[in-house]
């Protein structure tokens, strides 16, 4: 009892469809941990945002001061600006 090609093809496609549906339904049962701010009130969330923002601003200030302290001010090339020799040369002639 050999199956004809179209019925075999239908059976294979049906089996593939069932396997895809099973994997899709298994993927939808994804367990997720609750958010860290889920149990906080609105006031506590605003407080947390303020504290985190304050820490970020302080860190940025410290990094800025450290960057300015690390500049080698003995090297005058940082302070020099190149200007053309004479910008009014054509106007004088």
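The values are calculated or read from the model by the stated rules, or taken from the named source; none is laboratory data. None of these values were measured; they are calculated from a predicted model. When we count neighbours, we look across all protein chains shown, and the Cβ atoms used for this are built from the backbone with ideal geometry, even at glycine.
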Could you please let me know if residue 9 is surrounded by 10 or more Cβ atoms within 10 Å (Cβ to Cβ) and modelled with pLDDT under 90? yes
Consider residue 43 carefully, then state whether it is in a helix (DSSP H, G or I) and at pLDDT 85 or above. yes
